[in-house]
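Below is one structure, written out as structure tokens; the observations come after it.
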Amino acid sequence: MNANSVVITLENFQQVVLEESKTKLVLVDFWATQVPESAELRDKLSTSVAAFGEHIIFASVDCESQQQVAQQFGIQGLPTAIMVKDGQPIDGISGPQTDETIKEFLDKHLPKEEDLLLNNAKGLLSENKAKEAFSFIEQAYKLDNERADIKLTLADVYLQTGKISEAETLLASIKMIDQESEYQSLMSKLELANQAADSPEIKALESKISQGEKSLDIHHQLAAQYSQVNRHEDALVLLFRLVQRDNADTLSKQLLLDVLSGLPEGDTLSTKYRRKLYTLMY
């Protein structure tokens with residue numbers, strides 16, 4: 001049984017089937033020991049919905065001990081399972097089932113994997129945890145790269161983690177019909193990010209270095225400025241060149257590692273520069 005399961009009796013019938021089904025789907029499965037196929041379906045359904053506890057309750061009815069409950073549903077044969085919403089049956093299956101027919105039945109009612117990933121990402125974004133949201137929304141995008149809500153959330157994560165060009169490309173792919181308030185807000189963020197990415201302070205430091213400035217402090221200041229405006233790749237390029245030039249430059253190496261640690265888990269940029277640094281050191 002999964003953690004969001006309940007055994008139905010006459011005592012809790014009204015609470016689960018009538019009340020709980022107002023906020024979640026309730027999948028009521030009817031089984032009996034003398035019908036092995038029904039116990040098999042019960043176990044398969046329980047396992048299949050275990051990951052969807054926020055959306056569905058799995059309720060099992062032992063028809064041997066709870067005949068009155070089975071009669072309430074008009075059950076005439078086993079195995080049988082009924083989906084209940086707002087106290088009313090909305091769908092069901094009966095008879096022996098294959099894995100494919102079980103999946104087909106549940107897919108009509110359960111959220112898709114990309115929906116769960118999207119919700120996880122949005123939850124983390126609401127807590128200002130864009131770095132942690134990255135892997136969830138990236139996986140959702142891989143599953144469905146056409147949905148506007150997934151694209152917009154990914155663009156938001158890109159902006160918050162410094163992937164400005166990626167965000168710009170993604171926002172450019174949003175269709176006119178989906179260019180509503182969230183899209184307009186992200187376009188404003190994109191404009192601000194582009195402005196911040198090329199601030200007067202950054203231009204001044206870049207100018208000094210282009211004129212031959214060798215001071216490590218100036219290079220470190222520029223790397224820090226890049227990092228602050230999420231130009232992480234520019235910061236990594238600058239710091240890696242310093243480490244390449246002098247392998248004993250521990251401060252530049254530490255700053256480079258600090259930039260890498262600020263990148264989202266699974267970021268290709270992090271993988272690339274950790275590999276380059278490892279190769280350089282060993």
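The values are calculated or read from the model by the stated rules, or taken from the named source; none is laboratory data. Model, not experiment: these values are computed from the prediction. All Cβ positions, glycine included, derive from the backbone under ideal geometry; neighbour counts span all protein chains shown.
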For the range 146-169, which positions are surrounded by fewer than 20 Cβ atoms within 10 Å (Cβ to Cβ) and not in a helix (DSSP H, G or I)? Glu146, Arg147
Going through Glu114, Glu146, Glu168 one at a time, which residue ends up being of a type outside the set (Phe, Trp, Tyr) and closer than 30 Å to Arg42 by Cβ? Glu114
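Conditions (1) part of a helix (DSSP H, G or I); (2) not assigned by TED's automatic domain parsing to the domain that holds Asp149, marked per residue:
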site: Gln184; (1), (2): yes, no
site: Glu206; (1), (2): yes, yes
site: Asn230; (1), (2): no, yes
site: Gln254; (1), (2): yes, yes
site: Leu260; (1), (2): yes, yes
site: Ser270; (1), (2): yes, yes
site: Tyr273; (1), (2): yes, yes
With Gln72, Gln66 as the choices, which residue is surrounded by 13 or more Cβ atoms within 10 Å (Cβ to Cβ), modelled with pLDDT under 95, out of contact with any strand residue (DSSP E or B) (no Cβ under 6 Å at 6 or more places or on another chain) and polar (S, T, N, Q)? Gln72
Does Lys272 qualify as being farther than 24 Å from Phe136 by Cβ and modelled with pLDDT under 95? no
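Can you name the residue in the range 191-224 that is crowded, with 20+ Cβ neighbours inside 10 Å and under 30 Å from Leu125 (Cα atoms) and, of all such residues, is modelled with the lowest pLDDT?
My answer is Ala193.
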Condition first: under 18 Å from Thr23 (Cβ atoms), in a helix (DSSP H, G or I) and not small (Gly, Ala, Ser). Can you find one or more residues in the range 48-68 that meet it? yes
